[in-house]
Amino acid sequence: MRTFEFVRPENPAAAIATAAKAKTAQQGADVRFVAGGTTLIDLMKLNVETPARLIDINRLPLDKVEAMPDGGLKIGATVRNSDLAHHPTVQRDYAVLSQALLSGATAQLRNMATTAGNLLQRTRCMYFRDTAMPCNKREPGTGCPAITGSNRTLAILGTSEHCIATNPSDMCVAMAALEATIHVQGAKGSRAIPFGDFHLLPGSTPNRETSLEPGDLITHVTLPRPRAGSKQVYLKLRDRASYEFALASAAVVITIAGGKVAQARIALGGVGTKPWRSPEAEAALVGKSADAANFRKAAEAAMRNAKPQSENGFKIELAKRCLAHALQMATTA
Ligand SMILES: Cc1cc2nc3c(=O)[nH]c(=O)nc-3n(C[C@H](O)[C@H](O)[C@H](O)COP(=O)(O)OP(=O)(O)OC[C@H]3O[C@@H](n4cnc5c(N)ncnc54)[C@H](O)[C@@H]3O)c2cc1C
Ligand code: SF4
């Protein structure tokens, strides 16, 4: 691990001013915020991340979960994943988020991991984490060995010829289905980013993963008022029952009226280069009877554009079954 300077700013403005001096907020940033450290410090030990300066944001007042006047929920950037998962409002009104958080990592990691850090966790692609290997995401222009190499766990949706890395987050899949908004304070002021616009597709610049600019501090995430009568499920399929990333997962927020689907919000994990909202599955469900045949049709629609690699073709059927089963679980709960 390279040597670095560690600073503890007293307030968000000081943190942002320091971070704004960085050349980029993406891969290779020379200044990084550190929250729980469970992604960043890991990658620094591997020399995948080599910031010269770390800004500890744990003392900033960003650790509250608060009800909003419009009935929504405000989640501070440094709220720990375990505190969020066990928050009574989250368990009652946003169960899909609680389930997704509790399916991730281990209790010890969840006690450290934060909301903003989880939004920015990096892919588990083995080539990205190994500096002896080329990788377009880590070192633009060096190539993508995963396309002809080990790609069993990698993405089938949103890939490009430059990168097929999966976004590994569970929390983000639930937040995509809940239509969260990410709030950022930066050198040029504050802005609110709809969840679907936050993570970027790899395209020809897989080193650029989010819409963040140097100095941008995520201050909080908001969830809209819960949908009355909605049923919610997060289902995660993986190689072992705990301490493992998703091969395929599904977040379902669905409302049934008179036996028919009135509203559906669907997102998938483990299969996309970003947390994967599926408008195709949603459109296939709305107005239809809530039954197994229609759940399967929605799953087929979600996977229509899937592009398998040499080792991960099995994910297409796995993701379909995952979504169909999650819909069944939600509507029979
Ligand atoms: C062994 C292991 C298993 C895991 N299993 C799972 C799993 O099954 N499912 C899952 O979803 N996740 C899993 N994770 C990932 C874990 O959820 C993330 O590491 C964690 O959420 C990151 O949060 P953090 O606060 O520790 O982030 P940090 O490591 O502190 O930061 C991560 C990144 O976010 C940036 N950052 C942090 N806060 C802010 C902010 N407020 N504004 C702007 N930038 C910020 C940092 O600069 C850094 O680039 C696993 C991790 C490990 C180590
Ligand atoms: S899939 Fe992406 S992260 Fe993995 S080796 Fe290719 S470019 Fe790197």
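The values are calculated or read from the model by the stated rules, or taken from the named source; none is laboratory data. From a predicted model like this one, the values you see are computed outputs, not experimental measurements. Reconstructed Cβ throughout: ideal geometry from the backbone, glycine too, with neighbour counts over all protein chains shown. Protein only, heavy atoms only, side chains kept; ligands, DNA and RNA dropped before computing areas. Shrake-Rupley method; radii C 1.70, N 1.55, O 1.52, S 1.80 Å.
General observations
- Selection of the range 92-126 for residues being under 19 Å from the mean Cα position of the chain (by Cα), more than 26 Å from V34 (Cβ to Cβ) and open to solvent by 20 Å² or more (accessible area, probe 1.4 Å) yields A95, Q99.
- Unique residue being touching an Asp or Glu at 6+ places or on another chain (Cβ under 6 Å), more than 9 Å from ligand 1 (Cβ to nearest atom) and open to solvent by 20 Å² or more (accessible area, probe 1.4 Å) when the list is R138, R152, R129: R152
- Criterion violated by K64 - all others in (1) within 12 Å of ligand 2 (Cβ to nearest atom); (2) in contact with a Lys or Arg (Cβ under 9 Å, 6 or more places away or on another chain); (3) of a type in the set (K, R) satisfied: (1)
- Pairs, first under 15 Å from T78 (Cβ atoms) in the range 6-24, second aliphatic (A, V, I, L, M) and assigned to a helix (DSSP H, G or I), C-beta under 8 Å, six or more apart: P9/A15
Listed here are the residues, each with its yes/no results for (1) modelled with pLDDT of 95 or more; (2) more than 11 Å from ligand 2 (Cβ to nearest atom); (3) farther than 16 Å from A246 by Cβ.
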| position | (1), (2), (3) |
| --- | --- |
| Y94 | yes, yes, yes |
| A107 | yes, yes, yes |
| M126 | yes, no, yes |
| L154 | yes, no, no |
| L157 | yes, yes, no |
| I182 | yes, yes, yes |
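- Boolean, S98 is small (G, A, S), within 8 Å of ligand 1 (Cβ to nearest atom) and within 19 Å of A176 (Cβ to Cβ): no
- Residues of the range 62-71 that turn out to be surrounded by fewer than 17 Cβ atoms within 10 Å (Cβ to Cβ) and in contact (Cβ under 8 Å) with a residue 40 or more places away in the chain, as a count: 3
- Taking the range 109-124 as the range and being hydrophobic (A, V, I, L, M, F, W, C) and within 12 Å of ligand 2 (Cβ to nearest atom) as the test, no residue passes.
- Residue tally, condition open to solvent by 40 Å² or more (accessible area, probe 1.4 Å), more than 27 Å from Q108 (Cα to Cα) and more than 16 Å from ligand 2 (Cβ to nearest atom), over the range 21-55: 4
- The listed residue being open to solvent by less than 20 Å² (accessible area, probe 1.4 Å) and more than 26 Å from R124 (Cβ to Cβ), out of I164, I254, I193, I218: I254
- Residue list for the range 145-164, filter: assigned to a loop (DSSP other than H, G, I, E, B), in contact (Cβ under 8 Å) with a residue 24 or more places away in the chain and not polar (S, T, N, Q): R152, L154, A155, I156, G158, H162, C163, I164
- When we screen R304, R321 for residues that are of a type outside the set (A, V, I, L, M), out of contact with any Lys or Arg (no Cβ under 6 Å at 6 or more places or on another chain) and either within 23 Å of M171 (Cβ to Cβ) or open to solvent by less than 70 Å² (accessible area, probe 1.4 Å) (or both), the only hit is R321.
- Only residues that are among the small types (G, A, S) and away from ligand 1 (no atom under 16 Å from the Cβ) were counted across the range 155-166, and they come to 2.
- Residue-level check: of (1) more than 26 Å from Y234 (Cβ to Cβ); (2) under 22 Å from the mean Cα position of the chain (by Cα), K74 misses just (1).
- With respect to (1) near ligand 1 (Cβ under 8 Å from one of its atoms); (2) more than 24 Å from I16 (Cα to Cα), the lone exception for Q108 is condition (1).
- Matching entry among A192, A165, A187 (being closer than 29 Å to V79 by Cα and touching a strand residue (DSSP E or B) at 6+ places or on another chain (Cβ under 6 Å)): A192
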